[in-house]
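I have placed the structure first, in the form of structure tokens, so that the comments after it can refer back to it.
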Amino acid sequence: MRGSIRRIAFVGNVDLAVAEELRGHGFRIEHIEGDSIVRAARQLMRIRPTVVHARENHLKVGLVAHLLNIPFVVQAGTKDVNGLTARAARMAERTLCGGASIREGLVLLGAPASSTVVVRGLLRSEDLAGHAVYEPMAEPRTRWVVSASPCDGADRGHADLLLAFAGIARTRPDLRLLLAGSGIESCSLMDQIEHSGLRGRAFVHHTTIDHLPGLFARAAAVVAPSRTPNQPDAVPEALALGAPVIATAVGMHSTWVREGRTGWLVPARSPVALAARLAQVLDDPQLAHRAGQAAMRDALEHQRPANVALSLTRCWSGIARPPPSPYAGIYLPPPRQRAVHA
């Protein structure tokens, strides 16, 4: 890779330190404009890049890359969770999200789950700047356990969390549980709360990405109870905000959480193990604080330019293919020359 320079057409801003690290890996960033389809096409035909990477104007750039048969990568943040970005993701070889909540939002809008992935180093400060507040959490005398997963199926593990919470809540009257999501399982979970005697102690409430920073910053513990690896929870966001995280040892959870250092891992479908670990974290605030601080440091480590560049090079190398033919099947007229009068 170091022997030949690969050109990456980049739409949007890239950190200069990251660009320098990428040069060391054999990649050269070429900035192009994405606000005009015609202008973007001209620039791409001139550059003939290995990959097109878009941080903005995803759909316009994606259409041009698709016509020119150039591998296309979408980088999405919180503000990009919309239908246009989801459509662009369907044309992209990879869609890179800084957090699992961003991925979840795009998948719900139609982005393909198989190619929409989480890269922790791309989680930006603006992705963690939501200001919406869940009012009950403002009460200082209560402590909250939070699970920020949609209630869209049994594999989310909310039933396991309810059983675990029921086992520890009776001896902790100041404790509350928030299932911060909505979906087809919401009514079923509300019935379970009623039948288990947790009315007034456990809640199912619709939230948005804008709520997550406030939820995680105020939580006594954040639980990621997913049963299957293809449904990751919003663990990267919680870790970056310094929340004590308990996650099931499935899928990317095992990669994101360092057991005993930045959080804790428990077996999936095991309410007893989850209850034991949750009680330990809740009853030892110093332990929870140390893990949260370590999680924040770990998140900053992932955002170092060298680590971001390594993640990007792995992505680009995995989707690169031979340069496209110069005859792309479309004709772009040359720019109109203005006459100069003496």
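Before moving on, here are some points about what is shown:
- One residue alone among ARG143, ARG94 is farther than 30 Å from ARG321 by Cβ, open to solvent by 40 Å² or more (accessible area, probe 1.4 Å) and touching a strand residue (DSSP E or B) at 6+ places or on another chain (Cβ under 6 Å), and that residue is ARG143.
- The residues in the stretch 16-43 that are more than 16 Å from CYS315 (Cβ to Cβ) and not in a strand (DSSP E or B) can be counted, and the count is 17.
- Within the stretch 264-323, restricting attention to residues that are closer than 22 Å to ARG156 by Cβ and not aliphatic (A, V, I, L, M), the residue that is least open to solvent (accessible area, probe 1.4 Å) is TRP264.
- For the stretch 154-180, a residue qualifies if it is without any contact (Cβ under 8 Å) to a residue 60 or more places away in the chain and charged (D, E, K, R), and the qualifying residues are ARG170, ASP174, ARG176.
- ALA243 of a type in the set (Gly, Ala, Ser), open to solvent by 10 Å² or more (accessible area, probe 1.4 Å), under 18 Å from ALA100 (Cβ atoms) and in a loop (DSSP other than H, G, I, E, B): no
- Among (1) assigned to a loop (DSSP other than H, G, I, E, B); (2) of a type in the set (A, V, I, L, M); (3) open to solvent by less than 30 Å² (accessible area, probe 1.4 Å) - the single one VAL133 does not satisfy: (3)
- Selected residue (only one of GLU135, GLU104, GLU185 is within 21 Å of PRO225 (Cα to Cα) and without any contact (Cβ under 8 Å) to a residue 40 or more places away in the chain): GLU185
- Any hit, the stretch 221-235, residues being in a loop (DSSP other than H, G, I, E, B) and among the aliphatic types (A, V, I, L, M): yes
- Residue in the stretch 56-69 that is assigned to a strand (DSSP E or B) and either in contact with a Cys (Cβ under 7 Å, 6 or more places away or on another chain) or open to solvent by 90 Å² or more (accessible area, probe 1.4 Å) (or both) present: no
- The residues of the stretch 253-263 that are part of a loop (DSSP other than H, G, I, E, B) and crowded, with 21+ Cβ neighbours inside 10 Å, listed by number, are VAL257, THR262.
- So ASP152, is it assigned to a loop (DSSP other than H, G, I, E, B), charged (D, E, K, R) and either open to solvent by less than 60 Å² (accessible area, probe 1.4 Å) or out of contact with any His (no Cβ under 8 Å at 6 or more places or on another chain) (or both): yes
The values are calculated or read from the model by the stated rules, or taken from the named source; none is laboratory data. Predicted model only: the values in this text are computed from it and were never measured. Cβ atoms come from the backbone with ideal geometry, glycine included; neighbour counts cover every protein chain shown. These area figures cover heavy atoms from the full protein model, side chains too; ligands, DNA and RNA do not enter into them. Shrake-Rupley method; radii C 1.70, N 1.55, O 1.52, S 1.80 Å.
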